[in-house]
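Please read the structure below before turning to the comments.
The values are calculated or read from the model by the stated rules, or taken from the named source; none is laboratory data. Since this is a predicted model, take the numbers as computed values, not measurements. A quick note on method: Cβ atoms are made from the backbone with ideal geometry, for glycine too, and the neighbour counts reach across all protein chains shown.
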Amino acid sequence: MASIYTEIRATFETALNAIVDLPDVAWENVTFTPTTDEPYVKCRMIPTLREPAVRGLNPQMYYQGYYLIECFVPEGLGPSAADELADKIIDAFEATTDISLSGTNIHIRYAERDLGVPEGAHFMVPVRIGYQIYN
């Protein structure tokens, strides 16, 4: 049986790949060299909680965390280019919806963006997608 974390990551990666016109993706632990004049997104899965959902022997487990997607656009384009990319991702992971893959059902708790910051030759806006799953 695959690790629940492997299943959660695969479910998010599949949903992210389904977004139309998404720029290149820098996946975790995969070599990626960004192109200076091109947008891209960088992803990280951040588990924050693993606990029994009920008391007793062999209880169902509750998992919570967030999937961080950093949206990078070339510097000098103004904040709207990064905002548009962040909005596209937020729309794909709307709060209170579910995403599924091979029987793994993840409930999206929230999708929010944070302050954009210059980062090298790009401007970056982070998007956090909060999730929960019972297994």
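Things to note:
- All positions within segment 85-109 that are within 23 Å of Thr6 (Cβ to Cβ), hydroxyl-bearing (Ser, Thr, Tyr) and without any contact (Cβ under 8 Å) to a residue 60 or more places away in the chain: Thr97
- Which numbered condition Ala18 fails, given (1) surrounded by 12 or more Cβ atoms within 10 Å (Cβ to Cβ); (2) within 19 Å of Thr104 (Cα to Cα); (3) touching a residue at least 60 places away in the same chain (Cβ under 8 Å): (1)
- Residue identified as more than 14 Å from Asn135 (Cα to Cα) and either touching a residue at least 60 places away in the same chain (Cβ under 8 Å) or not charged (D, E, K, R) (or both) among Leu49, Leu115: Leu115
- Checking Thr104 against (1) of a type outside the set (Asp, Glu); (2) exposed (fewer than 13 other Cβ atoms within 10 Å of the Cβ); (3) under 20 Å from Ala10 (Cβ atoms); (4) modelled with pLDDT under 90, the condition it does not meet: (2)
- Residue that is within 20 Å of Val20 (Cα to Cα), surrounded by 14 or more Cβ atoms within 10 Å (Cβ to Cβ) and either touching a strand residue (DSSP E or B) at 6+ places or on another chain (Cβ under 9 Å) or not β-branched (Val, Ile, Thr) (or both), where the choices are Ala95, Ala111: Ala111
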